[in-house]
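Let me begin by presenting the structure, written as structure tokens, before commenting on it.
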Amino acid sequence: MVKKILDGFIIAGLVILMIGIYYWMIKAGIPYQDPTTELQIRYAINIGIGEELMKDGAVILAVAIVGKLMGMIVQKVTRSQKHNF
């Protein structure tokens, strides 16, 4: 059950990270040379959304991977202890 939840978090982290990259690279893109105030605001909003989504996605992904690795280590240790007795 926990493995499936962690797999879901890994997928969710990747999806959120990709959406953040999309906002950061595609939606915001390269700023205009002499933008109007509206374009400056729109650019700042899209950059902010992209950065926040990338940060959140990376954190979710990292926590899920660490959790999955810890689960694998615990599983190996408990299996090896069972065989020793």
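The values are calculated or read from the model by the stated rules, or taken from the named source; none is laboratory data. These figures come from a predicted structure and were not determined experimentally. For neighbour counting, all protein chains shown are included, and Cβ atoms are generated from backbone atoms with ideal geometry for every residue, glycine included. Calculation scope for accessible area: heavy atoms of the full protein, side chains included, ligands and nucleic acids excluded. Shrake-Rupley method; radii C 1.70, N 1.55, O 1.52, S 1.80 Å.
Quick look at the numbers
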quantity	calculated
Residue count for the range 1-16, restricted to those that are farther than 16 Å from Val59 by Cβ, without any contact (Cβ under 8 Å) to a residue 12 or more places away in the chain and not charged (D, E, K, R)	2
Members of the range 1-51 found to be modelled with pLDDT under 90, surrounded by 12 or more Cβ atoms within 10 Å (Cβ to Cβ) and aliphatic (A, V, I, L, M), listed by number	Ala28
Subset of the range 57-67 (residues that are open to solvent by 60 Å² or more (accessible area, probe 1.4 Å) and under 23 Å from Ala28 (Cα atoms))	Val59
Residue pairs meeting the criteria (Cβ under 9 Å; at least 6 apart or on separate chains; first farther than 30 Å from Tyr22 by Cα, in the range 53-81; second in a helix (DSSP H, G or I))	Gly71/Val2; Gly71/Lys3; Gly71/Leu6
